[in-house]
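Below is one structure; the comments refer to it alone.
The values are calculated or read from the model by the stated rules, or taken from the named source; none is laboratory data. Computed from a prediction, not measured in an experiment: that's the story for all the values here. Here the Cβ positions follow ideal geometry from the backbone for every residue, glycine too, while neighbour counts run over all protein chains shown.
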């Protein structure tokens, strides 16, 4: 008996130009789901779709109205694709911006409400001060002395892998210092300091919209990197819970540990790249083979054919 499926939805940082575009107009379920989002975006949706499919976009992928929105589009559409094969998942875990798509899959937000919230967030983030993310191979305890007002812990991605969030200038000053001290560092493709208090002023619109929407309780087990556990009905209905997704650290690794302590799963990364899949392979339950980790996309941008091959491989792994 195969373990149930749990979806992993990545966030900004996993994105790249034309991510999953090879599935559009080739895979009907994926295409229909993506088109539903573009239609709900109204006139802006045509421009987002055109830039996604273009080799020379008018608005670059790093702009929040593209990266933030298209990570949702791809994550939601790939989730729908997987669900067309296996039915509703047993659990869903989103990373950062992937938490909104995860909540939508779990029924906390209807799609129309989620897209309204998504677009408001993207427009707000587009006016945020320039910033960035820096991946560092270390633990929180070893990085604490480097943190300050301009650089904060942004995410916990693995047992010894985290992301720092801050202003561009502060990260540029800190990187050579960390390198000199023996830390491996790599910039993450982001132009905003996600998961930091710098974004608190831009969270108020999320609070207003979520309060107006009135979210539902999760119909599927929804795990949050905000709390490292399952989302309760009270949390799902709290506007500040959703607003804090962009202002507090994304604790993916501790949350993955909680998920896999609750049972064995076939983990399926429904999004661009294989960042979350590679992280999952470090967990003892996956290393032992009790749980599995699969991805819907290639590990890096390899073109449309590679995307289609990756999706076929996933289908076979899921018995379809």
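Looking for something crowded, with 17+ Cβ neighbours inside 10 Å, out of contact with any helix residue (DSSP H, G or I) (no Cβ under 9 Å at 6 or more places or on another chain) and in the same structural domain as residue 242 (by TED's automatic domain parsing) - is there at least one such residue anywhere in the stretch 87-97? Yes; the residues of the stretch 87-97 include at least one that is crowded, with 17+ Cβ neighbours inside 10 Å, out of contact with any helix residue (DSSP H, G or I) (no Cβ under 9 Å at 6 or more places or on another chain) and in the same structural domain as residue 242 (by TED's automatic domain parsing). The listed residues are 84, 79, and the only one of them that is surrounded by fewer than 22 Cβ atoms within 10 Å (Cβ to Cβ) and either free of Cβ contacts under 8 Å to residues at least 24 places away in the same chain or in a helix (DSSP H, G or I) (or both) turns out to be 84.
Selection over the stretch 136-149 of residues that are in contact with a strand residue (DSSP E or B) (Cβ under 6 Å, 6 or more places away or on another chain) and either modelled with pLDDT under 95 or surrounded by 19 or more Cβ atoms within 10 Å (Cβ to Cβ) (or both) gives a count of 1.
Only one entry of 29, 37, 82 meets the criterion of being over 22 Å from residue 233 (Cα atoms), touching a strand residue (DSSP E or B) at 6+ places or on another chain (Cβ under 9 Å) and at pLDDT 95 or above, and that entry is 82. Exactly one residue among 281, 294 is at negative phi, over 17 Å from the mean Cα position of the chain (by Cα) and modelled with pLDDT of 95 or more, and that residue is 281.
Within the option set 265, 252, being touching a strand residue (DSSP E or B) at 6+ places or on another chain (Cβ under 9 Å), farther than 23 Å from residue 125 by Cα and in contact (Cβ under 8 Å) with a residue 24 or more places away in the chain holds for one residue only, 265. Within the stretch 227-240, the set of residues being surrounded by fewer than 20 Cβ atoms within 10 Å (Cβ to Cβ) and in contact with a helix residue (DSSP H, G or I) (Cβ under 9 Å, 6 or more places away or on another chain) comprises 227, 228, 229, 230, 234, 237, 238, 239, 240. Looking at 291, 278, just one residue is farther than 30 Å from residue 25 by Cα and surrounded by 15 or more Cβ atoms within 10 Å (Cβ to Cβ), and that residue is 291. Counting only residues that are in a helix (DSSP H, G or I) and surrounded by fewer than 20 Cβ atoms within 10 Å (Cβ to Cβ), which one in the stretch 46-64 is nearest to the chain's Cα centre (by Cα)? So the residue we want is 53. When you look at residue 32, is it surrounded by fewer than 17 Cβ atoms within 10 Å (Cβ to Cβ) and either part of a helix (DSSP H, G or I) or more than 15 Å from the chain's Cα centre (by Cα) (or both), yes or no? So residue 32 fits the description; yes.
Of the residues making up the stretch 198-219, those that are closer than 21 Å to residue 95 by Cβ and either buried (at least 17 other Cβ atoms within 10 Å of the Cβ) or not assigned by TED's automatic domain parsing to the domain that holds residue 101 (or both) number 8.
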